[in-house]
Amino acid sequence: MQAPVNHIIGLTSIVRERLLPVSGKVLVRPNQKVSPMDVVAETHWAREHVLLDVARLLRISPNAADRLVKCKVDDKLAASVEIAVGKGLFPRSVRTPREGRVVAVGGGQVLMEVGETKMELRAGIPGTIIEVIANRGAVIQTAGALIQGVWGNERIDSGLLVNIAEKADGVLTVGKLDISLRGSIILAGMVKDAETLQAAADLPVRGLILSSIFPSLLPKAREMRYPIMVTDGFGSLPMNSAAFKLLSTNAKRDVTVNAEMFDRYSGARPEVIIPLPISASPPAPREVETFAPGLQIRMRRPPFMGMIGSIVAVKPGLSALPSGLRAPAAEVKLENGETVIAPLVNLEVVG
């Protein structure tokens, strides 16, 4: 049976696509070295559209309106520019309400893009450009530690990792945040109140790596302009020992937090990348594993949720569980020394 994999690896090759949401201009070339804040591509796009119904405003037919329209597709127009004038002694006119670009003309109507803004796509990680994707972005390769999580607020940033979580089940409070943490990525345990998230924004920090967060705080977390990555889940959950050990031993290193949302279809997950010096390229992480003795796993469901262990044996056929159900299962030795029988669906390979 194939197993879901959550990467918590001390050293691996990391390859990531960085793509614009719409077509734009790519600013990098193959084999170019980039830093996390380097812009790899940029584009201009409009936040909204305005439809000008020329025919209705001039009180004429669509065909007649099309003959009076003075603009064409891709014209860039300032605000209050006259785009059509009617007939008669006191002719009506149609003017642009705001500055924008004409994207469609026809049927007696003019569609404009307005509120144009410039979007810059940054590399996010230090590495080498191994492929340029025309008009969209690039593929970047680096090497280092990789720690994936379960939830992110769709922000990305880089900075120095500072550990203020004394233990895996620590709680981040407003009192633990001071001016010395400004501009850093904080390894912080769990968060239980919105005031703490706001206090981190006020410093400001460049990111939070949390073990867990209360579900009621998710709307507030999405509002924050710094990345927030959750490693283990929602509620009051300690950080799993594998992630806590790897992160805490790499404190004072530059890290990137890419808090993208988990997507089971694309395989994207929120993650922390810690670039490390190498003499030879390490192997890439395995995206698929098969349950087998010796594999390190993490429990995905109570009562042992978040605990790390190793598979002693995969049980043949279906095993009877305490709930009364029968399911594929494995004998697992947990990090506390206890041995349990757990359904395979509750296990996640770590590595």
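Any residue at all in the stretch 6-25 that's under 30 Å from residue 243 (Cα atoms) and not in a strand (DSSP E or B)?
For the stretch 6-25, residues under 30 Å from residue 243 (Cα atoms) and not in a strand (DSSP E or B): present.
Considering the stretch 181-212 alone, what residues qualify as being closer than 18 Å to residue 159 by Cβ, surrounded by fewer than 19 Cβ atoms within 10 Å (Cβ to Cβ) and among the hydrophobic types (A, V, I, L, M, F, W, C)?
Selection gives 201, 203.
State whether the residues of the stretch 252-263 include one that is within 24 Å of the chain's Cα centre (by Cα), open to solvent by 60 Å² or more (accessible area, probe 1.4 Å), basic (Lys, Arg) and under 30 Å from residue 189 (Cβ atoms).
Scanning the stretch 252-263 turns up at least one residue that is within 24 Å of the chain's Cα centre (by Cα), open to solvent by 60 Å² or more (accessible area, probe 1.4 Å), basic (Lys, Arg) and under 30 Å from residue 189 (Cβ atoms).
Can you find a residue that is of a type in the set (Ser, Thr, Tyr) and part of a strand (DSSP E or B) anywhere in the stretch 121-130?
The answer is yes, given that some residue of the stretch 121-130 is of a type in the set (Ser, Thr, Tyr) and part of a strand (DSSP E or B).
Residues in the stretch 53-79 that are open to solvent by less than 70 Å² (accessible area, probe 1.4 Å), in contact with a strand residue (DSSP E or B) (Cβ under 6 Å, 6 or more places away or on another chain) and closer than 14 Å to residue 99 by Cβ: how many?
Selection size over the stretch 53-79: 2.
Looking at this structure, is residue 221 within 22 Å of the chain's Cα centre (by Cα) and buried (at least 20 other Cβ atoms within 10 Å of the Cβ)?
yes
Here is a list: 216, 158. Which entry is farther than 28 Å from residue 351 by Cβ and either hydroxyl-bearing (Ser, Thr, Tyr) or open to solvent by less than 10 Å² (accessible area, probe 1.4 Å) (or both)?
216
Taking the residues in the stretch 309-324 that are part of a loop (DSSP other than H, G, I, E, B) and either among the hydroxyl-bearing types (Ser, Thr, Tyr) or in contact (Cβ under 8 Å) with a residue 12 or more places away in the chain (or both) as candidates, determine which candidate is surrounded by the fewest Cβ atoms within 10 Å (Cβ to Cβ).
Residue satisfying both the conditions and the ranking: 323.
So which residues in the stretch 235-258 are among the hydrophobic types (A, V, I, L, M, F, W, C) and touching a helix residue (DSSP H, G or I) at 6+ places or on another chain (Cβ under 9 Å), if there are any at all?
239, 255
Can you tell me how many residues within the stretch 1-52 are free of Cβ contacts under 8 Å to residues at least 60 places away in the same chain and open to solvent by less than 70 Å² (accessible area, probe 1.4 Å)?
Going through the stretch 1-52 one residue at a time, the tally reaches 1.
Determine which member of the set 148, 141 is buried (at least 16 other Cβ atoms within 10 Å of the Cβ), touching a helix residue (DSSP H, G or I) at 6+ places or on another chain (Cβ under 9 Å) and under 16 Å from residue 273 (Cβ atoms).
148
The values are calculated or read from the model by the stated rules, or taken from the named source; none is laboratory data. Since the structure is predicted, the reported quantities are computational estimates derived from the model, not experimental observations. All Cβ positions, even for glycine, are placed from backbone atoms using ideal geometry, and neighbour counts span all protein chains on display. Areas reflect the complete protein model, heavy atoms only, side chains present, ligands, DNA and RNA absent. Shrake-Rupley method; radii C 1.70, N 1.55, O 1.52, S 1.80 Å.
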